[in-house]
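All remarks here apply to the structure that follows.
The values are calculated or read from the model by the stated rules, or taken from the named source; none is laboratory data. The structure presented is a predicted model; accordingly, all values stated were derived computationally and were not measured. So basically every Cβ, Gly included, is an ideal-geometry build from the backbone, and we count neighbours across all protein chains shown. For the accessible areas, the whole protein counts, side chains as well, though only heavy atoms, and no ligand, DNA or RNA atoms are used. Shrake-Rupley method; radii C 1.70, N 1.55, O 1.52, S 1.80 Å.
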There are 2 protein chains.
Amino acid sequence: MAKANGNQAGTPRGRRPKGQGPDLREAILNAAEGLFSRHGFYGVTVRQVAAEAGVDTALIHYYFGAKRELFDSVFARRAEILNEARLGAMRAYQAAQPDSMTVEGVIEAFIGPLVDLSMTDDPHWKNYFRLVALVNNTPDWGGETMHRYFDPVVHRLIDALKAAMPDAEIRDLYWCYQFLTGSMMLALSETGRIDQLSDGLCRSSDMQAVRARLFAYCAAGIQEVVRRHPEA
Amino acid sequence: MAKANGNQAGTPRGRRPKGQGPDLREAILNAAEGLFSRHGFYGVTVRQVAAEAGVDTALIHYYFGAKRELFDSVFARRAEILNEARLGAMRAYQAAQPDSMTVEGVIEAFIGPLVDLSMTDDPHWKNYFRLVALVNNTPDWGGETMHRYFDPVVHRLIDALKAAMPDAEIRDLYWCYQFLTGSMMLALSETGRIDQLSDGLCRSSDMQAVRARLFAYCAAGIQEVVRRHPEA
DNA sequence: GTCTATAAACAGATAGAC
DNA sequence: GTCTATCTGTTTATAGAC
């Protein structure tokens, strides 16, 4: 990934269009989100985004500058909303169960909001989660991006887990978080793999099935690792 | 992804070069493997592969044809070896414990060979696992590719889990497999994310730490899901 | 704000010399 | 087998008309 040339002064990049009819800026972001999430950054051309959004390529550069800045705008747009939802859920749970937090309760507060958003009628969140999964799995520049946007809420999770299990080793919690996020992101990105593997018995779009299993799965795994606290 | 034009007759694509000095065919595959695994299919140009391998682009087309065929060749090359290693480990475990298989034992037979190969001095396996993780996370065409190469060994895992837990619901096992593979692939692709998140306390290259935790984590999770057998 | 037109660079792929 | 040279189409990005 090349260097992202910072916005020069004077260019109207990032400004919202006036409130007149269809918001083309949002249309561009939605189109880019869907395409990037399915084909990756390099697998999508600016022209495809323009065609999908029903605008010209020049307009995309007018609003967002370079292609990479468009991608960053897509990623950033829902990150704040998502972080608010998660922090709210975790705060609410910690407030409701100040002295009897369970591991599974903490996990549910951390993952639940994502599953809920994915089950909304709004299909854009599914695209966004696919995109986050893709970034999370990008060794090249994904780590830096995840770090910038999502580390605070993850540290909040680690703290809550530590509160629920005071004897837990911090290193174990970090590793368990990685296992957890791998499962969560794959489930949320709905790759269709499980449909084919199970010959239709399971459908990757079945978020109800995920909800019914993922929290318990992760909670049991974490507790077992903490219980053994390996020294390696 | 465009149509893959089938090999016309007469072209020497896929043939091995004669045994003379450095094997350029393998050099190309190794270069492509490393680059594709880090930047994805569209993020790598044939010219980059050629430069990395120290050959000309024309030679790549001579050996492999189109870019997509090169990618498929990279993916297929180690798939067979990997499947053999896994099937061997699972067969060996089932033979050693015919009547007392544990869930964790089955899991270890399934994941262990990958961790072992990753800990080898040969760095190419790490690249390959990164590549598989990337394909596994590609909604577009990844499912089909995974299906073609890896479904048999996964079904073998499902069967072994069912043997270890006769009362288990098949649907639960498929879902748990998805959770498991998400954790496993993320851990094996060594994205560096946990290094940054934990501020150096954990290193994603520390396969010993993975080995000490992942098996127990997955086994406990699966057993808990099976124990509850949700109906959703 | 939005589009037309186009510049400038780069991609995948092949023909043909050696 | 391997490389030089090149064709052809596409890509990002911008300048400027409206």
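Per-structure values
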| read-out | value |
| --- | --- |
| Number of positions in the range B:182-221 that are at the interface with chain A (Cβ under 7 Å from one of its Cβ atoms) and in a helix (DSSP H, G or I) | 20 |
| Residue match in the range B:178-190 (condition: closer than 23 Å to A:Ser198 by Cβ and more than 15 Å from the chain's Cα centre (by Cα)) | yes |
| When residues of the range B:148-171 are limited to those that are more than 7 Å from chain A (Cβ to nearest Cβ) and more than 15 Å from B:Ile107 (Cα to Cα), the one surrounded by the fewest Cβ atoms within 10 Å (Cβ to Cβ) | B:Pro166 |
| Qualifying residue in the range B:134-145 (condition: within 12 Å of the chain's Cα centre (by Cα), farther than 23 Å from A:Leu188 by Cβ and not charged (D, E, K, R)) | no |
| Evaluation of A:Ala92 against (1) within 30 Å of A:Cys176 (Cβ to Cβ); (2) buried (at least 17 other Cβ atoms within 10 Å of the Cβ); (3) among the hydrophobic types (A, V, I, L, M, F, W, C) (one fails), failing number | (2) |
| Check on B:Arg148, in a helix (DSSP H, G or I), farther than 17 Å from A:Gly182 by Cα and assigned by TED's automatic domain parsing to the domain that holds B:Asn83 | yes |
| Out of A:Glu231, A:Glu224, A:Glu144, sole residue that is of a type in the set (Asp, Glu) and at pLDDT 95 or above | A:Glu224 |
| Residue among A:Val115, A:Val103 that is of a type in the set (A, V, I, L, M), within 14 Å of another protein chain (Cβ to nearest Cβ), more than 16 Å from DNA strand D (Cβ to nearest atom) and more than 19 Å from A:Ser37 (Cβ to Cβ) | A:Val103 |
| Residue, farthest from DNA strand D (Cβ to nearest atom), within the range B:54-80, restricted to residues that are open to solvent by 40 Å² or more (accessible area, probe 1.4 Å) and within 14 Å of another protein chain (Cβ to nearest Cβ) | B:Arg68 |
| Residue list for the range A:23-46, filter: assigned to a helix (DSSP H, G or I), under 26 Å from A:Thr191 (Cβ atoms) and either open to solvent by 60 Å² or more (accessible area, probe 1.4 Å) or away from DNA strand C (no atom under 13 Å from the Cβ) (or both) | A:Asn30, A:Ala32, A:Glu33, A:Gly34, A:Leu35, A:Phe36, A:Ser37, A:Arg38, A:His39 |
